[in-house]
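Where a number appears in this text, it was derived from the coordinates with a stated rule and is not lab data. Note that this is a predicted model, so its numbers are computed, not measured. A quick note on method: Cβ atoms are made from the backbone with ideal geometry, for glycine too, and the neighbour counts reach across all protein chains shown.
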Amino acid sequence: HPGELALTCFFVLLVPLSDILLPHLFGNVLENIKDGVPVLGSMIGVILLMVFIETAWIASDFNDSRLLPKLQSYFREEMLKNILEHYETDFTEPNNGDIIAKFVKVSATIMKWFERMKSYIIPYTLMFFAAVIYFIYYDLQIGLTLLVVVIICLATIVMGPVHCNNVTIARDNIYNNLHEEIDDILRNLYSIYGAGQKDTEIKNINTMTD
C-alpha cells in the first residue's frame, strides 16, 4: 500500500531525530543552565520531542505489522506467477527441489534486507551525513575527517557482499541440490526400500553437506 510505504520512509527519519537532534537540544538545555538562562521553554521542547519520537516508534511498529505481511504476500505471489508463466511455454521438467528452496529463501532474504535497509542502513547513513554537515559547520577539520570515515564505512558495506558473493552462491547451490536430492528420495521411497539403498541415500546426503 503506497500510504504504508510512505509512512515507512517517514519513520526512517526517527533515528537522526533521536540520535542527533535530541542530544543537541539536551546540550542546549545544559548550556542554558550553566549560563543561568531560563530553560523552561527548552525543556518543554525536549519533552515534546521525546514524546513525539516514542509515539512515532510505536506507530512505526504498528505500520510494520501491517506492511510486512503484505510485502511477503506480494513477493510470494510474484514469484509463483513468474514460475507458472515460465513453465507455461517451457515444457522441460522443473527442478522441484531448486524451485522450492529458492521460493522459500528468496522471500525471506528480501524481507531481511528490507528490514536492514529500513532500520539500519538508510537511517544511519542519513545520521552520519547529518553529523558530517553539523561538524563541518562548527569545525571543518573534524567534519572532513568524519566524512572520510563515513565514505570508508559505506565502501566496506557495498564491497563486502560483492566479495562474499561467490561463497554465497556456492553455499546456495549446495542447499538447492540438497533440497532436490531429498525431494527425489521422498518421491522414490518404496524403490529405495525395495533396493535396500537406505544407508546409501543417507551417505549421499551426508557427502553433499560435508
| query | So what's the back-of-envelope 222 nm ellipticity for the chain, counting only DSSP H runs of four-plus at -39500 (n - 2.57) apiece and dividing by all residues, rounded to 500? | reply | -30000 deg cm²/dmol
| query | Using alpha-carbon pairs under 8 Å, 6+ residues apart, how would you state the relative contact order of segment 1-86 in percent? | reply | 41
| request: Could you tell me how many degrees, from 0 to 90 and to the nearest 10, lie between the Cα long axis of helix 22-35 and the main elongation axis, the longest principal axis, of the Cα atoms of the chain? | output: 20
| field | Candidates His86, His179, His24, ranked by Gaussian network fluctuation over the chain, Cα under 10 Å, top entry | value | His86
| field | Net dipole in debye of the chain [+1 Lys, Arg Cβ; -1 Asp, Glu Cβ; about Cα centre; nearest 20] | value | 420
| query | If you average the sequence gap of Cα pairs under 8 Å that are 6 or more apart and divide by the length of the chain, what percent do you get for the contact order? | reply | 25
| request: Based solely on C-alpha atoms, express the radius of gyration and the Dmax of the chain in angstrom. | output: 26.5, 91
| query | Helix 140-187: angle to the longest alpha-carbon principal axis of the chain, degrees 0 to 90, nearest 10? | reply | 20
